[in-house]
Structures are given as structure tokens and as C-alpha cells.
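The structure appears below as C-alpha cells.
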Amino acid sequence: MSSAECDLLVVGAGAAGIAAAREARALGLSVRVLEARGRVGGRALTDHSLGVPMDLGATWLHAAQSNPLVPLAAARGLGLFDHDTARTSRVWVGDHWAAEAEAADYGRAERAWGLAVRLAAARLGPGASLGEAAPRGGFWDATLTHWEGPVIAAAEAAAIDLEDYLSTLLSGPNLLPHDGCGHLLEVLAEGLPITLSAPVDRIDWGGARVRAEGAFGALEAGAAVVTVSAGVLAGGGIRFSPALPPAVEQAAHDLPMGLLNKVGLPAAGEDRLDVPAFGGIERRLEEGERAMTFVAWPFGRGHLEGFAGGDLAWELSRAGEAATVDFALAELRRMYGARADRALRRDRAVVSGWGADPWSRGAYAAARPGRAGARRALSVPVGGGRLRLAGEACHATLAGTLAGAWLSGAGAAMEAAALLRNRAGTAQPVPGPRA
Ligand SMILES: Cc1cc2nc3c(=O)[nH]c(=O)nc-3n(C[C@H](O)[C@H](O)[C@H](O)COP(=O)(O)OP(=O)(O)OC[C@H]3O[C@@H](n4cnc5c(N)ncnc54)[C@H](O)[C@@H]3O)c2cc1C
């Protein structure tokens with residue numbers, strides 16, 4: 001099989017792959033990107049079937065003050081809205097909406113919950129899970145553990161390594177791109193040499209060069225950055241020859257994919273359920289209860305976005321889209337009664353499908369209890385640096401985010417560039433290693 005050639009091969013055109021390709025180009029390398037899907041963006045995808053942009057994957061640009069995508073969006077004139085300035089929440093407490101005093105109590109409980117988890121980390125030591133550290137028995141504890149586990153980390157608290165959880169810095173400000181995160185990545189991928197619908201089946205890194213093969217043919221490069229999800233890696237989505245070192249292979253298994261599903265429910269008429277634009281709708285939970293949370297009418301648009309995470313998301317994913325819509329409406333019916341069915345159109349609902357998608361196999365990865373080192377192990381260069389894994393799962397502090405994926409991909413490309421320059425005997429200083 002004849003093969004094309006380049007300096008750097010990038011596998012995957014999600015955030016990490018786009019960042020790697022841009023960085024490689026900026027450093028003067030010839031680069032090729034092979035992407036399995038027929039689109040760029042990976043787990044960032046902006047859907048337009050409701051007539052307005054709705055992100056089915058990544059939604060917020062977290063930690064905006066240091067998020068590399070914020071200045072890139074701004075430079076292209078793409079609008080960003082600080083969600084934190086408009087964040088309100090309606091909380092259903094058993095049979096009524098939380099009054100001001102109850103809402104304030106919820107806020108205090110949130111701060112106490114965070115403190116208790118940090119104190120427990122010192123007491124429990126390495127290897128504990130978030131579930132072990134999370135306080136129990138307080139009026140709001142189960143609700144807060146549900147937020148931090150299934151809704152934010154996309155996994156049950158008992159399945160998340162505590163150190164890994166505490167290392168992830170999802171602080172604000174949390175910006176919402178006006179036209180969607182998926183759209184932002186599409187813009188940032190413009191002009192890059194990306195071949196779509198080109199799944200890589202096999203990567204041979206045993207020789208002096210790296211060779212990728214698939215139905216597209218073959219491509220040889222001086223080095224490769226592979227940005228597929230930990231789920232794709234652990235599931236054998238790409239055959240490596242020789243096999244990846246056992247520690248790297250193990251790391252992929254120690255970073256199982258959590259699942260977060262989104263559902264978009266358009267308004268049927270004028271009823272906005274007494275919630276302002278960007279308002280949250282949630283309810284207080286008892287221990288073991290599962291629920292969806294909602295963000296209503298983003299940007300004043302006529303739809304409500306629901307989120308289901310963790311075991312519930314996997315169950316709904318297996319049961320199909322209709323089950324997800326049913327669950328969302330049942331959840332809203334608890335709070336609004338039959339008004340929920342009148343206010344929303346189930347026939348036009350949009351549901352994300354990351355769980356069944358072979359190119360993601362979930363939403364994002366959380367380290368298993370006792371495996372806090374897995375992200376670093378997954379990022380260790382292989383074959384003297386010819387092969388590097390990158391992506392959200394590889395970032396130590398911004399795991400599970402676009403920013404983490406972006407920085408991981410850009411860093412991997414920088415390191416590959418340094419290797420290729422050294423090999424060519426033209427060593428030049430290249431900015432330092434990735435986080
Ligand atoms: C529902 C949901 C909500 C989220 N919310 C947020 C949020 O609000 N903020 C935030 O920052 N992050 C959020 N995230 C996480 C964020 O989307 C990811 O962390 C990020 O997009 C991961 O980027 P990546 O480049 O590491 O991986 P990916 O985006 O998965 O990119 C990898 C690429 O590799 C391709 N690929 C896979 N296998 C092959 C193969 N064999 N050959 C070639 N190509 C292949 C895939 O198609 C994909 O395009 C969310 C994710 C989901 C699913």
C-alpha cells in the first residue's frame with residue numbers, strides 16, 4: 001500500500017486534534033489530520049435542528065480567565081456570554097419551590113459540602129473515592145453529591161477518585177459561546193488539512209516513522225499525536241503495533257468514560273415556566289434518587305436544556321432517545337404537573353447520543369478510585385516520543401474540558417516538534433512541556 005507522508009500525523013479533529021494541528025503548523029511542520037467522523041469538533045457539536053444553536057456536547061468555556069479558547073473566540077468576533085452573571089436557580093423541595101431562606105440554606109450547604117470533601121481527603125488519604133468523602137445525612141447532601149458526581153463529572157461519586165476530582169479546576173467564569181462550542185471549533189479548524197470520514201484502524205509505531213492505516217489508505221509521519229477518547233483507546237478502537245506499553249494501556253482502562261446526556265425541549269407556546277433566560281431548574285434529592293437538571297431558555301431562545309449524568313445517563317442511552325425525553329418530562333411534571341406537557345414539545349425534542357457513539361464511547365473520563373495517576377500515565381510519550389496520546393483525559397487539572405483537551409493537544413504537538421527538530425539536527429528552543 002503506498003502512503004502519503006508528513007512531519008506530524010494527528011488522529012482526531014476534536015479540540016485536542018485541532019489544537020495540535022494548529023500548533024504544528026505554527027511551528028513550521030507539515031501536518032495531516034485524520035478524523036473518523038464526517039465532521040470536526042469531536043465531543044463539541046452544535047446542533048441547529050431547533051432553529052437555533054444548541055450544543056449537544058461541550059457547552060461552557062470554564063475557567064475563562066485562563067481558558068485558551070476564550071481569546072481565540074474573541075479574536076474571531078464570536079460572542080461569549082458570562083453565564084454566571086445570569087445564573088438563577090429554581091429548586092423544588094418535595095412539594096414546593098425553595099423560598100429565599102431555603103435557597104440561602106442550599107448555598108451555605110454547598111460551601112460546607114465542598115469543605116467537608118476537602119477535609120475528608122486529608123483524613124482518607126490516597127485511593128479514596130468522592131463517594132467516601134462526600135458528607136451524608138445533611139438536608140442538601142444527596143443533592144450536592146448528585147451535582148458534583150453525575151451532573152458535573154458524568155459519573156457516580158463512588159466511581160471517581162477523590163484526588164482526581166479535587167485536581168480538576170472547573171472554576172468560573174463560565175462563558176457560553178453565542179453560536180456554540182461546536183461552532184467555535186469549526187471556525188478554529190478552518191484551513192487545516194483534515195481528512196474527514198477517515199477512521200484510523202491501525203497505528204504502527206515500531207519503526208523510525210509512525211504509520212497509520214485505514215480505509216483511507218496509509219499515511220506515514222515522523223511523529224503522531226493521537227487524540228481519541230480514553231474510551232476509544234480502552235475499547236480497542238485503534239490497533240497499535242507494537243501494543244501500547246502496559247502502563248499506558250492500563251491508564252486508558254483506569255479512566256473509564258462517564259456519560260452526560262443532553263436533551264433539548266422546545267417550548268410549545270408562550271409559557272416559560274416562570275423561569276428567566278439562563279435559569280436553572282432542579283430539585284432536592286434524597287440519597288440514591290436520580291434526576292435531571294435543566295437550564296431554561298439560553299440566550300432567551302425558546303428551548304430548555306436537560307442534563308442527565310452517570311448511571312442514569314447510561315441507562316437512558318441504552319433505552320433510547322424516547323426514554324430520555326420521557327424521563328425529562330416526568331422530571332418536569334413532578335414540579336409543574338401537566339403544565340410541563342403543555343409547555344414543551346416532546347415531538348421536536350433533540351437528544352445527544354454520546355454513549356452509543358463509537359467515536360467517543362461516552363462523554364469524558366474520570367479516574368477510578370486509586371488511579372489518580374492515570375492521566376499522567378496516559379500522557380507519557382511512547383516510542384521515544386514518536387507517539388503521544390493527547391486529549392481531555394490527558395490533562396491533569398482541566399480534565400473533561402475543552403480547555404484541557406486544547407492545551408494537551410497543543411502541548412503534544414510542541415513536544416513532537418522539538419523531537420523532530422532534534423532528529424533533524426536543527427535543535428531550536430521550543431516552549432516548555434504541557435501541563
Ligand atoms: C454532553 C457533554 C457536555 C460537556 N460539557 C462541557 C462543557 O460545558 N465544557 C467543557 O469544557 N467541556 C465539556 N465537555 C467535554 C468536552 O466536550 C471534551 O472534554 C472535549 O471535547 C474533548 O476533546 P478531545 O479532543 O480530547 O476529544 P474528542 O472531542 O473526542 O476528539 C477526538 C476525535 O477523534 C476522533 N476519532 C475517534 N476514533 C478515531 C479513529 N479511529 N480514527 C480517527 N479519528 C478518530 C473522534 O471522532 C473525535 O473527533 C462535555 C462533553 C459532553 C459529551
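Viscosity 0.692 mPa s, temperature 37 °C: Stokes-Einstein D of segment 294-359 from its Kirkwood Cα radius, in µm² per second? Intermediate values should be presented prior to the final figure.
Numbers: Rh = 12.7 Å.
For these conditions, the coefficient is 258 µm²/s.
Between Arg346 and Ser30, the modelled labels are 5.7 nm apart [label points 7 Å from Cα along Cα→Cβ].
Expressed as a whole percent, the accessible area of segment 1-45 that falls on carbon and sulfur atoms is 46 (1.4 Å probe).
Here the 3J(HN,Hα) profile of segment 257-269, calculated from phi with Karplus coefficients 6.51, -1.76 and 1.60 at θ = phi - 60°, is 6, x, 9, 10, 10, 10, 10, x, 10, x, 5, 8, x Hz, Gly and Pro shown as x. Under a 5 Å amide H cut-off, with hydrogens placed 1.01 Å from N, Ala218 pairs with Ala4 among residues at least 5 apart or on other chains.
Rounded to the nearest Å, what's the spacing between the alpha carbon centres of segment 1-69 and segment 196-272? Just the number, please. Using only Cα atoms to place each centre, the spacing works out to 13 Å.
Could you estimate the translational diffusion coefficient of segment 277-435 from the Stokes-Einstein equation, with Rh from the Kirkwood formula over C-alpha pairs, at 10 °C and 1.306 mPa s, in whole µm²/s?
On the way: Rh = 19.1 Å.
Translational diffusion coefficient: 83 µm²/s.
Put the Cα centre of segment 404-424 next to the Cα centre of segment 285-344 and the gap is 42 Å.
A straight line joining the Cα centroids of segment 349-400 and segment 157-182 runs 14 Å.
In order along segment 11-28, phi translates into HN-Hα couplings of 9, x, 10, x, 4, 5, x, 5, 5, 4, 5, 5, 5, 4, 4, 5, 8, x Hz, rounded to whole numbers, per the Karplus curve 6.51 cos²θ - 1.76 cosθ + 1.60 with θ = phi - 60° and x for Gly and Pro. Taking amide H as placed 1.01 Å from N in the peptide plane, Arg37 has its amide H under 5 Å from the amide H of Ser197, Ala198, each at least 5 places away in sequence or on another chain. Near Arg202, the amide H atoms lying under 5 Å from its own belong to Glu213, Arg239; only residues 5 or more places off or on other chains count, and H is placed 1.01 Å from N. The fraction of accessible area contributed by carbon and sulfur in segment 325-367 is 50 percent, rounded to a whole number (1.4 Å probe; ligands and nucleic acids excluded).
Can you tell me the mean projection area, over all orientations, of the convex hull of segment 143-265's alpha carbons? Units nm², please.
Numbers: hull surface 45.0 nm².
Orientation-averaged projected area of the Cα hull: 11.2 nm².
Label separation (Ala158 vs Leu115): 2.9 nm, computed from points 7 Å beyond Cα along the C-beta direction.
At 37 °C and 0.692 mPa s, what whole-number value in µm²/s does Stokes-Einstein give for the translational diffusion of segment 1-63, with Rh from the Kirkwood sum over Cα pairs? Kindly include the intermediate steps, with their values, before the conclusion.
Numbers: Rh = 13.5 Å.
The Stokes-Einstein estimate is 243 µm²/s.
Percent of accessible area on segment 66-217 owned by carbon and sulfur, 1.4 Å probe?
Details: 4030 of 7090 Å².
Roughly 57 percent, rounded to a whole number.
Rounding to the nearest 20 debye, state how big the charge dipole of the chain is about its Cα centre with +1 on each Lys and Arg Cβ and -1 on each Asp and Glu Cβ.
Working: 42 positive and 47 negative charges, 198 e Å.
In debye, rounded to 20, the chain gives about 960.
With every protein chain present, what is the per residue accessible area of the chain (1.4 Å probe, Å²)?
Working: 17170 Å² over 435 residues.
Computed with neighbouring chains in place, this is 39 Å² per residue.
The modelled label-to-label distance for the pair Thr88/Arg423, using points 7 Å beyond Cα in the direction of Cβ, is 5.8 nm. Calculated from the alpha-carbon coordinates, segment 170-215 shows an Rg and a Dmax of 17.2, 46 Å respectively. What the phi angles of segment 80-97 give under the Karplus curve with 6.51, -1.76 and 1.60, with θ = phi - 60°, is a coupling list of 10, 10, 7, 4, 4, 6, 10, 6, 10, 9, 9, 10, 8, 10, x, 9, 7, 7 Hz, glycine and proline written as x.
In the chain, what is the volume of the convex hull around the alpha carbon atoms, normalised per residue and reported in Å³? Let's see the in-between values first.
Working: hull volume 59.3 nm³, N = 435.
It is 136 Å³ per residue.
With a 1.4 Å probe rolled over the protein heavy atoms of all chains, the accessible area of Asp47, Asp274, Asp55, Asp326 falls in the order Asp274, Asp326, Asp47, Asp55, largest first.
Output the peptides 408-416, 109-117 sorted from most to least packed, where packing is the average of other Cβ atoms within 10 Å over each peptide's residues.
Taking the mean over residues of other Cβ atoms within 10 Å, the ranking is 408-416, 109-117.
Once the piece of chain linking Ala319 and Arg202 is laid out straight, how much longer is it, given 0.36 nm per residue of separation minus the C-alpha distance between them? Provide the component values of the computation, followed by the final result.
Working: separation 117, 0.36 × 117 = 42.12 nm, distance 3.20 nm.
Contour length minus Cα-Cα distance gives 38.9 nm.
What's the magnitude of the charge dipole for segment 204-353 around its Cα centre, counting Lys and Arg as +1 and Asp and Glu as -1 at the beta-carbon? Answer in Debye, nearest 20. Walk me through the numbers on the way to the answer.
Working: 17 positive and 20 negative charges, 84 e Å.
In debye, rounded to 20, segment 204-353 gives about 400.
For segment 195-257, what does the alpha-carbon gyration tensor say about shape, rounded, prolate or oblate, given a ≥ b ≥ c as the root eigenvalues, a/c under 1.5 as rounded, and a/b over b/c as prolate?
Working: a/c = 2.31, a/b = 1.38, b/c = 1.67.
It is oblate, given that a/c is not under 1.5 and a/b is not larger than b/c.
The values are calculated or read from the model by the stated rules, or taken from the named source; none is laboratory data. Here the structure is a predicted model, which is why all the values come from computation and not from measurement. All Cβ positions, glycine included, derive from the backbone under ideal geometry; neighbour counts span all protein chains shown. Calculation scope for accessible area: heavy atoms of the full protein, side chains included, ligands and nucleic acids excluded. Shrake-Rupley method; radii C 1.70, N 1.55, O 1.52, S 1.80 Å.
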